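Participant: Please see the structure below; I have some questions.
The values are calculated or read from the model by the stated rules, or taken from the named source; none is laboratory data. Everything quoted here is computed from the prediction, not taken from an experiment. Ideal geometry is used to build each Cβ from the backbone, glycine not excepted, and the neighbour counts take in all protein chains shown.
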Amino acid sequence: MLLVGILCAQDRPDWEIPVVSKRVGTAIDIPEQEYYQVFDNIEGFLSANFVHRDSTFQARIRTANGWLKRNYSARQFYDLGLSIDLLGDIDPIVLARLKGAPNFERVMDTLQQLPVDVSMTLYLADNGHVKGRYAGLDGHHFMLKKKRSRSAARVSIGKVTRLKYRDPPIADIVGDTRIFAVTSALGMGGALGLSLLAGVDGFNARAGYFFMGGLVGLALAPFPVRQVRLLRGELHQLNFNSGDLEKVRTYLFIEYGEL
């Protein structure tokens with residue numbers, strides 16, 4: 001946060017960076033804003049820094065929708081610092097809750113129990129989605145392997161609103177045998193119809209078509225068998241609690257600079 005303030009001040013060399021209060025320093029982050037309520041009516045607050053020149057103080061506030069600026073007189077600025085000092089330091093337990101650490105740990109505990117190597121779809125906050133084979137967690141990222149790709153896609157937990165996955169494919173000898181029989185029969189029926197359309201005469205010639213159609217049907221059977229096996233796996237869905245997810249995003253922003 002201090003770096004943001006320094007960069008802001010460098011835009012105007014004649015501006016200096018004041019300390020609002022020894023309890024927060026020169027910058028206000030999300031937990032400090034939630035606890036001390038330094039700024040009113042700020043939606044999507046992310047961070048803020050103060051700069052000043054002469055008797056003019058300015059708050060440069062970063063939000064999810066862009067930057068805001070607010071000007072304060074010297075009296076108003078010092079009153080802000082006094083209100084922070086009167087509330088005192090943030091209790092470590094309260095600070096962890098404001099940062100969203102308990103919510104983050106709760107979500108992580110749930111995600112650690114997800115099975116790997118299953119087909120998964122992640123639905124994102126921006127209404128997009130990512131599909132792939134779940135390869136586990138890398139820090140605070142989902143790892144999804146895509147077809148024909150050696151690398152895995154990394155998706156931040158804070159961007160995911162819900163996910164769906166199926167259990168691994170389930171083999172069923174009787175059911176798979178029926179699929180082989182059906183595809184073989186369809187192949188033989190199609191080949192026989194083709195021979196009739198082509199005007200093939202003679203039992204032996206038609207029998208050859210019939211036999212080859214059956215072989216083609218058997219050769220193609222593994223494709224529907226695989227799809228049916230996938231559909232036999234139970235479909236699971238996990239929805240993230242909106243309150244927990246918002247705290248997870250806060251935690252990720254503070255700890256890693258991510259939304």
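Participant: I'd like to know if segment 98-121 contains one or more residues that are buried (at least 17 other Cβ atoms within 10 Å of the Cβ), in a strand (DSSP E or B) and touching a Leu at 6+ places or on another chain (Cβ under 8 Å).
Facilitator: Looking for residues that are buried (at least 17 other Cβ atoms within 10 Å of the Cβ), in a strand (DSSP E or B) and touching a Leu at 6+ places or on another chain (Cβ under 8 Å), one finds at least one in segment 98-121, hence yes.
Participant: Out of the residues in segment 23-44 that are at positive phi and in contact with a Ser or Thr (Cβ under 9 Å, 6 or more places away or on another chain), state the one that is surrounded by the fewest Cβ atoms within 10 Å (Cβ to Cβ).
Facilitator: So the residue we want is GLY44.
Participant: Now for a separate question. Name every residue in segment 198-217 that is small (Gly, Ala, Ser), over 17 Å from GLN227 (Cα atoms) and part of a helix (DSSP H, G or I), in order of residue number.
Facilitator: Matches in segment 198-217: ALA205, ALA207, GLY208, GLY213, GLY214.
Participant: A further question on this structure: Could you list all residues from segment 45-67 that are closer than 19 Å to GLY257 by Cα, surrounded by 11 or more Cβ atoms within 10 Å (Cβ to Cβ) and modelled with pLDDT of 90 or more?
Facilitator: Hits for segment 45-67 are PHE45, LEU46, SER47, ALA48, ASN49, ARG60, ILE61, ARG62, THR63, TRP67.
Participant: Right, next: Hey, could you check segment 200-259 for residues that are of a type in the set (S, T, N, Q) and more than 30 Å from ILE28 (Cβ to Cβ) and say which is farthest from the chain's Cα centre (by Cα)?
Facilitator: ASN204
Participant: Okay, moving on. Of all residues in segment 30-48, how many are touching a strand residue (DSSP E or B) at 6+ places or on another chain (Cβ under 9 Å) and outside any helix (DSSP H, G or I)?
Facilitator: Result for segment 30-48: 9.
Participant: If SER195 passes every condition in (1) of a type in the set (Gly, Ala, Ser); (2) out of contact with any Lys or Arg (no Cβ under 8 Å at 6 or more places or on another chain); (3) surrounded by 13 or more Cβ atoms within 10 Å (Cβ to Cβ); (4) not in a strand (DSSP E or B) but one, which one does it miss?
Facilitator: (2)
Participant: If a residue must be modelled with pLDDT under 90 and within 22 Å of ARG249 (Cβ to Cβ), how many such residues does segment 140-171 contain?
Facilitator: 1
Participant: Moving on. What are the pairs, 6+ residues apart or on separate chains, where a residue within segment 242-259 that is part of a helix (DSSP H, G or I) has its Cβ under 7 Å from a residue that is of a type in the set (D, E, K, R) and buried (at least 19 other Cβ atoms within 10 Å of the Cβ)?
Facilitator: THR250/LYS99; TYR251/LYS99; ILE254/ASP29; ILE254/LYS99
Participant: So, one more: When you look at ARG106, is it at pLDDT 90 or above and farther than 30 Å from LYS146 by Cβ, yes or no?
Facilitator: no
Participant: Consider ARG226 carefully, then state whether it is under 30 Å from MET120 (Cβ atoms) and in contact with a helix residue (DSSP H, G or I) (Cβ under 9 Å, 6 or more places away or on another chain).
Facilitator: No; evaluated as a whole, the condition is false for this residue.
Participant: If you go through segment 126-158 one residue at a time, how many are free of Cβ contacts under 8 Å to residues at least 40 places away in the same chain, farther than 17 Å from HIS236 by Cβ and of a type outside the set (A, V, I, L, M)?
Facilitator: Count: 14.
Participant: Moving on to the next point. How many of the residues in segment 215-241 are out of contact with any Pro (no Cβ under 6 Å at 6 or more places or on another chain) and either within 30 Å of GLY189 (Cβ to Cβ) or without any contact (Cβ under 8 Å) to a residue 24 or more places away in the chain (or both)?
Facilitator: Adding up the residues that qualify gives 17.
Participant: Can you say whether ALA74 is among the aliphatic types (A, V, I, L, M), within 26 Å of VAL19 (Cβ to Cβ) and surrounded by 16 or more Cβ atoms within 10 Å (Cβ to Cβ), as far as the supplied structure shows?
Facilitator: So ALA74 does not fit the description; no.
Participant: If we scan segment 219-235, do we find a residue that is polar (S, T, N, Q) and at pLDDT 90 or above?
Facilitator: The answer is no; no qualifying residue exists.
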